[in-house]
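Visitor: Before I ask anything, here is the structure I am working with.
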Amino acid sequence: PQFQKNHTHLIYPHFYLCGSRTPRSSFDHPLRLSSLHSLPFPRFAMAGEADGLTSFLFYTLFVYPSCSWILKPGRFPKKRAVLYAVAFLAGLAFLKTGAEVMERGGNHYTKLGVYRTSTAMEIKKAYKRLSLELHPDKNPSPTAADDFAALKSSYDVIMDLENRAVYNKFGDSGVKNNKSTFDETGMLLEMGVFYATWAMLSFVLTLGKSGTMARSWIYTGQIVMLLVEITLMTTEDPLPEWFFPSTTEHEWIWLLHSLFPAYMNGCRCLGGFLYKDVDEETRALLDALKEQNRDVLMVLRDVQIQVGAITARGGG
């Protein structure tokens, strides 16, 4: 009730982004009007640049050559080679991304055992229960103080409606850097830089005729990923309540960015393997027809010579 009191001065981030003044409901992750100019500038597009570079090098220098080895013509039957390559890429991406997720640890919702849609009362109950378990006076663990501080930090973030809305979109960095100015144009510009950079890298890595199919797959995937990211960032509560209820939009964007290098190199491998050079095949077919035509002409000439010889003997 205390969070619903006097909320007529609140406004929603989605409608601020889209320029609308009419909220859909009266109580869904609101932000104070006075704080709109102090929202954190989201660096989600460039976040984890070092991790992105590491993933790019890992997939380009190790995974791509390994996949190319599997797809080498004659090593396996064609269908089996494609199956092996897809299984290899999917398994490696699953293991690598899983390890990164484990390293990141749980978010504020999972630490408290609540959901994105949990009410203030549910969050308070969960915090009270866990604080009794993790309090340093009752928890003998050597990391009890740190665990309790992390729990308190998670509670403070998601109990504050402004911080919760910012956290869902931009993660911890958005909550911590709340002195920057929110700029929709700047956000879209950073997204454009991120996708343009990957588009140029993809173009360079798929030069040549054999990369045409792979390049079209990669660009199609980028367009889909960009549309998903824009939807997640500009739509209020875009995730259904039942869909991984403890995850945030920021985490899904991070997952898309993390999996893209695997997707790109998978397209490179499979596209190059499945590509057929129509011009080369046409040239080879014409060469074969020429050889056949030459053979037919030689046979006809032999027949003509034999017919001429028979005719000459008959005339004599």
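The values are calculated or read from the model by the stated rules, or taken from the named source; none is laboratory data. Since this is a predicted model, take the numbers as computed values, not measurements. Cβ coordinates were reconstructed from backbone atoms using ideal geometry, including for glycine residues, and neighbour counts include every protein chain displayed. The accessibility values were calculated without ligands, DNA or RNA, using every heavy atom of the protein model including side chains. Shrake-Rupley method; radii C 1.70, N 1.55, O 1.52, S 1.80 Å.
Visitor: Scan Met102, Met121 and give me the residue that is modelled with pLDDT of 95 or more and loosely packed, with under 14 Cβ neighbours inside 10 Å. Step through it out loud before you land on a result.
Guide: Details: Met102 fails: modelled with pLDDT of 95 or more.
Result of the check over Met102, Met121: Met121.
Visitor: Out of the residues in the range 27-72 that are small (Gly, Ala, Ser), in a helix (DSSP H, G or I) and under 24 Å from the mean Cα position of the chain (by Cα), state the one that is modelled with the lowest pLDDT.
Guide: Keep residues of the range 27-72 that are small (Gly, Ala, Ser), which gives 34-35, 38, 45, 47-48, 50, 52, 55, 66, 68.
Now narrow it down to the ones that are in a helix (DSSP H, G or I): 34-35, 38, 50, 52, 55, 66, 68.
Cutting the leftovers down to under 24 Å from the mean Cα position of the chain (by Cα) gives us 50, 52, 55, 66, 68.
On the way: Ala50: 61, Gly52: 69, Ser55: 80, Ser66: 90, Ser68: 89.
It comes out as Ala50.
Visitor: A follow-up question, please. Could you grab me the full set of residues in the range 279-304 that are among the aliphatic types (A, V, I, L, M) and within 30 Å of Gly208 (Cα to Cα)? Before you say what the answer is, go through the steps one by one.
Guide: Pass one, the range 279-304, residues among the aliphatic types (A, V, I, L, M): 284-286, 288-289, 296-300, 303.
Scanning the range 279-304 gives Ala284, Leu285, Leu286, Ala288, Leu289.
Visitor: Counting just the residues of the range 227-241 that are part of a helix (DSSP H, G or I) and of a type outside the set (S, T, N, Q), which one comes out modelled with the lowest pLDDT?
Guide: Out of the qualifying residues, it is Met233.
Visitor: Continuing with the same structure: Being open to solvent by less than 40 Å² (accessible area, probe 1.4 Å), within 21 Å of Trp254 (Cα to Cα) and not small (Gly, Ala, Ser) narrows it down to one residue among Met200, Met187; which is it? I'd like the intermediate steps shown before the answer.
Guide: On the way: Met200 fails: open to solvent by less than 40 Å² (accessible area, probe 1.4 Å).
Checking each option against the conditions leaves just Met187.
Visitor: Within the range 228-274, which residues are aromatic (Phe, Trp, Tyr) and open to solvent by 30 Å² or more (accessible area, probe 1.4 Å)?
Guide: We begin by selecting, within the range 228-274, every residue aromatic (Phe, Trp, Tyr); these are 242-244, 252, 254, 260, 263, 273.
Scanning the range 228-274 gives Trp242, Phe243, Phe244, Trp252, Trp254, Tyr263, Phe273.
Visitor: Would you check if Asp277 is surrounded by fewer than 14 Cβ atoms within 10 Å (Cβ to Cβ) and out of contact with any Lys or Arg (no Cβ under 8 Å at 6 or more places or on another chain)?
Guide: Here the answer is no, as Asp277 does not meet what is asked.
Visitor: Right, next: Identify, please: which residue in the range 83-99 is of a type in the set (Phe, Trp, Tyr) and in contact (Cβ under 8 Å) with a residue 12 or more places away in the chain and is, among those, farthest from Glu251 (Cα to Cα)? Give the derivation first.
Guide: Narrowing the range 83-99 to residues of a type in the set (Phe, Trp, Tyr): 84, 88, 94.
Retained after the next criterion (residues that are in contact (Cβ under 8 Å) with a residue 12 or more places away in the chain): 84, 88.
Details: Tyr84: 30, Phe88: 25 Å.
Looking at the filtered set, the residue picked out is Tyr84.
Visitor: Val224: free of Cβ contacts under 8 Å to residues at least 24 places away in the same chain and either in a helix (DSSP H, G or I) or surrounded by fewer than 14 Cβ atoms within 10 Å (Cβ to Cβ) (or both), yes or no? Before the answer, list the steps.
Guide: On the way: free of Cβ contacts under 8 Å to residues at least 24 places away in the same chain: yes; either in a helix (DSSP H, G or I) or surrounded by fewer than 14 Cβ atoms within 10 Å (Cβ to Cβ) (or both): yes.
When the stated conditions are applied, Val224 passes them.
Visitor: I've got another one for you. So, in the range 73-82, exactly how many residues are at pLDDT 90 or above, open to solvent by 90 Å² or more (accessible area, probe 1.4 Å) and in contact with a Phe, Trp or Tyr (Cβ under 9 Å, 6 or more places away or on another chain)?
Guide: 0
For every residue, the table says whether it meets (1) more than 16 Å from the chain's Cα centre (by Cα); (2) over 19 Å from Cys67 (Cβ atoms).
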{"site": "Ala196", "(1), (2)": "no, yes"}
{"site": "Leu201", "(1), (2)": "no, no"}
{"site": "Ala214", "(1), (2)": "yes, no"}
{"site": "Ser246", "(1), (2)": "yes, yes"}
{"site": "Ser258", "(1), (2)": "no, no"}
{"site": "Asp287", "(1), (2)": "yes, yes"}
{"site": "Leu300", "(1), (2)": "yes, yes"}
{"site": "Gln304", "(1), (2)": "yes, yes"}
{"site": "Ile310", "(1), (2)": "yes, yes"}
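Visitor: Answer yes or no as to whether Ala150 is modelled with pLDDT under 95 and either among the acidic types (Asp, Glu) or over 30 Å from Leu53 (Cβ atoms) (or both).
Guide: Details: modelled with pLDDT under 95: yes; either among the acidic types (Asp, Glu) or over 30 Å from Leu53 (Cβ atoms) (or both): no.
The answer is no for Ala150.
Visitor: Pairs please, first residue from the range 120-149 and touching a residue at least 60 places away in the same chain (Cβ under 8 Å), second anywhere and assigned to a loop (DSSP other than H, G, I, E, B), Cβ atoms under 8 Å, 6+ apart in sequence or on different chains.
Guide: Pairs that qualify, where the first residue is touching a residue at least 60 places away in the same chain (Cβ under 8 Å) and the partner is assigned to a loop (DSSP other than H, G, I, E, B), are Ala120/Gln2; Ala120/Phe3.
Visitor: Could you pull out the residue among Tyr127, Tyr109 that is aromatic (Phe, Trp, Tyr) and under 15 Å from Thr248 (Cβ atoms)?
Guide: Details: Tyr127 fails: under 15 Å from Thr248 (Cβ atoms).
Unique residue meeting the criteria: Tyr109.
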